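Structure record follows, encoded as structure tokens.
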Amino acid sequence: MFAAQKIDAHHTETQEDVTREAIVSAFRSAMVGHFRSHIPGTIINESTLLASDYLNHFQKLASLFEALSSKPQENTNKILSWRPMTYEEHFSKSGSQDKDLAIAAYRRAPAEIKDCFDDAISRLQSEALTLVASVKFNTGNGLDTSSLDAAARLRGLIEEAAAIANGETAAEPNNAKGKTGGRAAIAALFGAH
């Protein structure tokens with residue numbers, strides 16, 4: 001009898017673990033549903049739970065590179081003082097009325113979409129920091145054409161991240177993307193032909 005009771009106790013514990021997992025899964029699903037119900041009319045995409053407004057931080061840098069030739073000293077100083085911000089930092093400092101919801105929704109965005117977005121942002125931040133560093137070392141040495149090239153490279157990466165945030169197509173796992181950039185990266189990321 002004792003052995004039968006021990007087996008029943010083990011069986012009950014296993015059922016409780018599965019039940020807990022089911023509860024956690026149901027709770028997560030309910031939270032995502034809750035966020036989606038508050039999103040219409042906000043800056044947040046209903047399907048991705050991401051806000052492309054975050055990319056304004058990088059758009060400003062691209063604009064500074066485009067204006068570098070017209071006011072080199074003023075724009076060089078602004079470029080050199082630019083620092084990357086995370087998604088959450090950007091919204092916590094923004095004046096958007098949706099900033100708290102944007103942060104909370106980002107934390108609950110579907111994992112594969114968020115991973116693809118974070119990967120695109122990582123590449124964008126890396127390129128931005130590389131370009132900012134190049135300004136420091138190349139001041140006065142042909143910044144007119146290289147600054148326009150820099151802005152174009154940033155804008156291509158911004159478009160890639162915006163496509164993900166705006167849910168323009170379904171995301172694929174990170175390993176399906178390959179090592180492409182700009183529009184080619186978007187096509188590879190989403191399996192577009």
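Where a number appears in this text, it was derived from the coordinates with a stated rule and is not lab data. What you see is a predicted model; the values in this text were computed from it and never measured. Using ideal geometry, Cβ is built from the backbone for each residue, glycine included, and neighbour counts are taken over all protein chains shown.
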Q.
Through the Karplus equation 6.51 cos²θ - 1.76 cosθ + 1.60, θ set to phi - 60°, convert the phi angles of segment 45-54 into ³J(HN,Hα) values in whole Hz; use x for Gly and Pro.
A. 6, 5, 8, 8, 6, 10, 10, 6, 4, 4
Q. So how do THR42, THR130 line up by other beta-carbon neighbours within 10 Å, fewest first?
A. THR130, THR42
(Q) Can you tell me the length gained on complete extension of the stretch THR86 to ASP115, counting 0.36 nm per residue apart and subtracting the Cα distance? (A) 9.0 nm
Q | Theoretical FRET efficiency, 1/(1+(r/R0)^6), r = Cβ-Cβ of SER69 and SER126, R0 22 Å, to 0.05 | A | 0.35
Q: Mind checking the full-extension length gain between HIS34 and LYS78? Use 0.36 nm per residue of separation minus the Cα-Cα distance, one decimal, nm.
A: 11.8 nm
Q) If we count every other residue with Cβ under 12 angstrom of ILE79's Cβ, Lys/Arg +1 and Asp/Glu -1, where does the sum land? A) +3
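Counting other beta carbons within 10 Å of each Cβ, put ILE113, ILE23 in order, fewest first.
ILE23, ILE113
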Q) Taking the Cβ of TYR54 as the center, what net charge do the other residues with Cβ under 10 Å away carry, scoring Lys and Arg +1 and Asp and Glu -1? A) -3
